[in-house]
Every structure is written in C-alpha cells, then in structure tokens.
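Below: the structure, in structure tokens.
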C-alpha cells in the first residue's frame, strides 16, 4: 500500500458517508501538512455492542489538562497543575479539578441531543498538533465536527472549534454551562457583557472557592462565531442558535480560560482578560501559534521502523509527557500527569527516576522545570530533615505544592521511604552532566546535591567492620518495610554521595571526607548463590517492583555482566504479576539490550507496556488490572526502554553518549532525534 493510500485509509476508517461528505477536506489538509499517520490515534464508537471500555487521553499544556470523553461534546473533567486543597480523612493536600468552561449541549428543533441520538461518532487524537477531534451525525439532520485544544501558547486557556453541516432544514442551538466539581463551595455563575473599545465581549463566568478556602478559582467562556448565530442568555447559561437550510454550514469557537490564586491574585478578572486577548488575537492565530510550539516539541522524537504498534505506543508516551510538562513553570509531573487526581497530584520519585531522564534527553526545558521544582522547595526539605533529627535535606515521599509531606498517615512510605532524597540529587547531577551549565550547578545543583549528601552522611551508621548500613527504610519494593540495607536505598545513597564528591570538585568546594568513605562502605549484600539481596534477611519473597535490578541501571553500581544477568534471572519471577507496575520490565529491557540479548529485551519491552494499555487509544494504566490511566510514570519507563535500551543512550559526565545495543528482531531501524543541547540524531540499524 502506498503512503498516500495508507493515510487515506487510516483517516477514512469508520467514517460514515454523511460525515465524509460533510467534511471532505480534512484528509487533504492532513496530507498537505505532511502529517504522519503514526501520530494519529483513532476511535470509532460501536453502537451494536454493550458499553465499551473507554479510557480517554488528555488535551493538556502543562498547566491545564482537559479530558474529553466518548459522547457528543463530552468532557470528563479539567485538572489544574499545582492547585491543592485539603481533602480525605487525613486532610492532606490534594490536587483539585478545575471549573470546566465547556459544559456544552446541542439542541435541534427544541430537543436536546444526547448520545442515543447520534451515530458515526469517531474520534482522532492528532498527537502532532495536540488536538482532540470528534465527529458525529444526527442522522438525516446534521453532521458535526469539533476539536478540543489546550493551547500551548496560552497556558490557562482552552479552545473548542466546531463545524456543522446541515443535511436538512433544522433549528440548531448550543447551550454552554459551567461544570463545577464537588471540591468547591459557593459557586457563582453569571453572564458578563462589556465593551472593549469597539468590540462586544459576552462571557459566561463562574467563580468559587476550594472546599476549605485554600484557593479561589475562576473560569470564563465565550462563543466566537461566524456571524450567523444569534446569542441569548438564560440565567447562568450562554446560548447561540440559528436556522440552517439543507446544505448550509456554520462554525464557531468556544474559548475557555481557568485561573486560580495559585497563579494570580485576581483570578476572576484575569480569566476575563484572557478571553479578551483570545478575541483580539483571534482563535485561528492562536491555533497557529499552538501548532508551531508543538512542532518545536516534536523536534525531540523517536522513530521506529518495522513495528507500527510500538511506534504509536512510544509516541503516545512522549506526547503525554510533553503535554504534562512545561518549560519555565518550575513545576514537575505527578504520576498521573494532568489526567486525574490520582495520587493526589503529588510529586514522587516517579518524576526524577522515571519521567525526568527521557525529558532530559529530549527536552531540557521541561527537565529544567522539574529540577526547579525541587530547588524551590529545598528549604522545606531541610526543615523536614531537622524535624526528624537529621542534617541536610530530607525530601518528602509525596510532595504537595509547598514541598511538604502529603503522604496519607496510614501509608508507611511517608515516614520511611527515604531514597527520594538520593533520587533528587542524582537527577540534579545528571542535569548538569547533560547541560554542562556550571553556573546552574554552583547556584542550584550544588545546594541540592550537598544537602542530600549531608542527609545520607547523617542517616548511615558505621558497623564494627568498617562497613556502613542504613536502618529502617522502605525501598523501591514497597512490600518490604522497616528493613535494613535495602539494595536500592543503599545504592542510591552511594550514588548520590559520589555525585556530591564530583560536584564539589566541579564547583571548587571542599566536602567532608566521610562522604566518599560512606559511599564506598555502604553494604550491598549477596546470598549464598551470589544473588544481590534486596535487604538484610531477604529470602525470596514476592516484590512489588524492581529494586535490586535498579543497581545495574540506572545507578551503575553493579557493572559486572554476570552479576547483572544473575540478578535479572532471579528477580524476574518474583515481581507481583497482578499488582506490580510496568517499570520493572522497562529496566529489564534496558539491561538485556545492553547484554546483547535482543529476543529477551524485546520480550521485556512488550511486558513493560502491552498488559497496561487501555482501549481505545492505548492509555497507560499503573498495573495490569487497574483502571487508572494515564500513568505517566509507566510512560517514562517505556521511553527509557527505547532511549537507553535499544537506543543505547547513556548520561555520563561528558554528556549523552551512545553505547552499543541491539534492536528487536522486527525493527529495521530506530532513530532518535533532538537529543541533548545540540539536538543530535542517533540511529540504530538492525544487524
């Protein structure tokens, strides 16, 4: 099948005759823009079956995350980045959903159109342009096509563009209402009209406080149409309508903005100002700017030849991390990104160990924001260490917006899972290694790394034989609590202390000699068969996820290939097959690829994502049985499997280098573009 025919087939799949006739130009626009079908994810609703499994994919811009759903104009919710309110039995800080400015319904000849009234519903996620497109028809009446966009160039704004084609004479009305989640109190919705010079602004506005008054949030929305609609008001609703003759077309844009006191002292007026800005700049111009910024993001890309399924999965992982992160914000990425309130929107080791490395390789701007997040909260980490009787910095296991511990009190991980402090220090050192930004290292990296080293020097205990131990921790395997000499915790502390010694030398600082002594002396235990023990007393118990195996990659503490293989073979069958997350197998994939075992690496690669994807777009869930997509942490692991496993890319003191690796048997070529500050391209061919 030729390329043009293939594209046409993909784009036309599932389209009804009426929709294809109503919107015939889209395929041509798609091809004219030079789009690649591997950037397109498609869903066609099956009206003959019971309710289908449906996991949506966000339209997000690092500040807002809009989750479209599978009905006409359906939206599940909007997530706000770094806006928290106390909730739950323990009243911990939890991310809040936004007031959604898109509560749109369509009415025809006086009847509201619901899911049962439409046919041919088809959705496309255009990852290249970051646009979520839906089309459907009301049989014999109208064909509708609309798209959701979270503007990359206006981070507090969302757009919905809509086209309607009449198949018969009909009266069409669109009603917009604000959707206020239950984590708000005393919402007030109203219409606001005013003149800005010679232009009329007619906006629907809603303001509310979060449940306990931590934040005020405001949203504004406004119809912008082609002049053929009549606008009216009905209480807290904004309405546009028109009569349509057979064969007529019409279009409109619904602009929405959401602002909060996390970013603005006056979110209500700022939300309206941004509506005015969109009106003056025009939606078309803003969409063009949005697309240009996404073109820039996609300069960091991964191309797989010979495996279309893997290509789309990898693209979706990369698209999701690009969507959830944002340069210049000083914010990081929570485990579920901006898709839901999962894990409270907190920042874990997921950010530094799993999502940060692919961003550092392909988008240093987003990686820089993730590092800025930790630096801005260093004082809180220092205060937390002091509260627990330690020197240095002790980063929280679950960090809220202020950088304080937000783990529920019933979870032992909050007081006991300390490796996060080493993970932050290692990420900071790696950021310097890639960027070679000496000024950043001296001003921000060194304070982070040295404070972490001070903590580990205080946290470790010297044994009678001159070795060092760390007592009472939860490691990466969270099934083992309050253990001594956990392999990953000791390995991460050893690596972080080593990073501190190297950073001190780069910065011309003097560091305590005990940092190197402790790093050299921390115990990594082995059993009688030579297998690295997960902790002192470990005897083959089931584990939640890779722990020991992280010492070979990414820590590089274990370099001997025979030891790597021995540990891989031992722990592969001990990972919880039901509740274990995906990342273990991404680590196994990397190591088998580095060992030159292409078949085994590919087996682990498939295991690190295929059991976790959810229909219809391939959204990533945390475990093989959970229903909580989108799991951005798993996406980070998948990307590392390709970048550092099959791609052979590795972060060293001299920057990013490529080691010899292998490709899966079915892959003919792997191309990684936009790597590092020089935006280099690396290619691996099938032997």
Odd one out for residue 103, checked against (1) out of contact with any helix residue (DSSP H, G or I) (no Cβ under 8 Å at 6 or more places or on another chain); (2) farther than 28 Å from residue 310 by Cβ; (3) in contact (Cβ under 8 Å) with a residue 24 or more places away in the chain; (4) not in a strand (DSSP E or B):
(4)
Filtering region 557-607 down to residues that are touching a strand residue (DSSP E or B) at 6+ places or on another chain (Cβ under 9 Å) and not in a helix (DSSP H, G or I) yields 558, 574, 575, 576, 580, 582
Taking the criterion of being within 23 Å of residue 338 (Cα to Cα) and surrounded by 21 or more Cβ atoms within 10 Å (Cβ to Cβ), would at least one residue in region 588-610 satisfy it?
yes
Failed condition for residue 524, given (1) touching a helix residue (DSSP H, G or I) at 6+ places or on another chain (Cβ under 9 Å); (2) assigned to a loop (DSSP other than H, G, I, E, B); (3) surrounded by fewer than 15 Cβ atoms within 10 Å (Cβ to Cβ):
(3)
Can you tell me how many residues in region 41-83 are part of a strand (DSSP E or B) and crowded, with 20+ Cβ neighbours inside 10 Å?
17
Counted residues, region 114-139 - those being over 25 Å from residue 615 (Cβ atoms) and either touching a residue at least 40 places away in the same chain (Cβ under 8 Å) or within 32 Å of the chain's Cα centre (by Cα) (or both):
1
Of the conditions (1) modelled with pLDDT of 95 or more; (2) farther than 18 Å from residue 354 by Cβ, residue 627 satisfies every one except a single condition; which number is it?
(1)
Select from region 503-515 the residues that are within 36 Å of the chain's Cα centre (by Cα) and more than 13 Å from residue 458 (Cα to Cα) and write down the one among them that is surrounded by the fewest Cβ atoms within 10 Å (Cβ to Cβ).
505
Quick check on region 482-492. Is at least one of its residues more than 17 Å from residue 423 (Cβ to Cβ) and either touching a helix residue (DSSP H, G or I) at 6+ places or on another chain (Cβ under 8 Å) or free of Cβ contacts under 8 Å to residues at least 24 places away in the same chain (or both)?
yes
Looking at this structure, is residue 466 in contact with a helix residue (DSSP H, G or I) (Cβ under 7 Å, 6 or more places away or on another chain), touching a residue at least 40 places away in the same chain (Cβ under 8 Å) and part of a loop (DSSP other than H, G, I, E, B)?
yes
Considering only strands (runs of 3 or more DSSP E) wholly within region 187-267, the ones with at least 1 residues that are under 18 Å from residue 96 (Cβ atoms) are 199-210, 216-225, 249-260
With respect to the numbered conditions (1) more than 18 Å from residue 412 (Cα to Cα); (2) in a loop (DSSP other than H, G, I, E, B), which one is the sole condition not fulfilled by residue 450?
(2)
Of all residues in region 169-180, how many are under 12 Å from residue 206 (Cα atoms) and either free of Cβ contacts under 8 Å to residues at least 60 places away in the same chain or not in a strand (DSSP E or B) (or both)?
1
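For (1) in contact with a helix residue (DSSP H, G or I) (Cβ under 6 Å, 6 or more places away or on another chain); (2) touching a residue at least 12 places away in the same chain (Cβ under 8 Å); (3) over 30 Å from residue 134 (Cα atoms), each residue gets a yes or a no:
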position	(1), (2), (3)
576	no, yes, yes
579	no, yes, yes
588	yes, yes, yes
601	yes, yes, yes
604	yes, yes, yes
615	no, yes, no
619	no, yes, no
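Counting only residues that are under 27 Å from the mean Cα position of the chain (by Cα), surrounded by 23 or more Cβ atoms within 10 Å (Cβ to Cβ) and closer than 15 Å to residue 425 by Cβ, how many does region 440-490 have?
6
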Which one of these does residue 289 not meet: (1) surrounded by fewer than 19 Cβ atoms within 10 Å (Cβ to Cβ); (2) under 25 Å from the mean Cα position of the chain (by Cα); (3) over 21 Å from residue 150 (Cβ atoms)?
(3)
Counting just the residues of region 180-219 that are touching a helix residue (DSSP H, G or I) at 6+ places or on another chain (Cβ under 8 Å) and surrounded by fewer than 21 Cβ atoms within 10 Å (Cβ to Cβ), which one comes out modelled with the highest pLDDT?
216
Scope region 400-433; condition touching a strand residue (DSSP E or B) at 6+ places or on another chain (Cβ under 7 Å), under 17 Å from residue 388 (Cα atoms) and assigned to a helix (DSSP H, G or I); matching residues
414, 416
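Matching residues to (1) free of Cβ contacts under 8 Å to residues at least 40 places away in the same chain; (2) touching a helix residue (DSSP H, G or I) at 6+ places or on another chain (Cβ under 6 Å):
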| site | (1), (2) |
| --- | --- |
| 221 | no, no |
| 237 | no, no |
| 251 | no, no |
| 254 | no, no |
| 259 | no, yes |
| 264 | yes, yes |
| 277 | no, no |
| 281 | yes, no |
| 285 | yes, no |
When you scan region 118-166 for strands (runs of 3 or more DSSP E) that lie fully inside it, which ones turn up with 2 or more residues that are closer than 18 Å to residue 63 by Cβ?
131-138, 142-150, 157-166
Before we move on, is residue 650 in a loop (DSSP other than H, G, I, E, B) and modelled with pLDDT of 95 or more?
no
Considering every residue within region 86-94, establish whether at least one is part of a loop (DSSP other than H, G, I, E, B), in contact with a helix residue (DSSP H, G or I) (Cβ under 9 Å, 6 or more places away or on another chain) and either surrounded by fewer than 23 Cβ atoms within 10 Å (Cβ to Cβ) or on the phi < 0 side of the Ramachandran plot (or both).
yes
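The values are calculated or read from the model by the stated rules, or taken from the named source; none is laboratory data. Here the structure is a predicted model, which means the values were calculated and not measured. Virtual Cβ from ideal backbone geometry, glycine too; neighbours counted across all protein chains shown.
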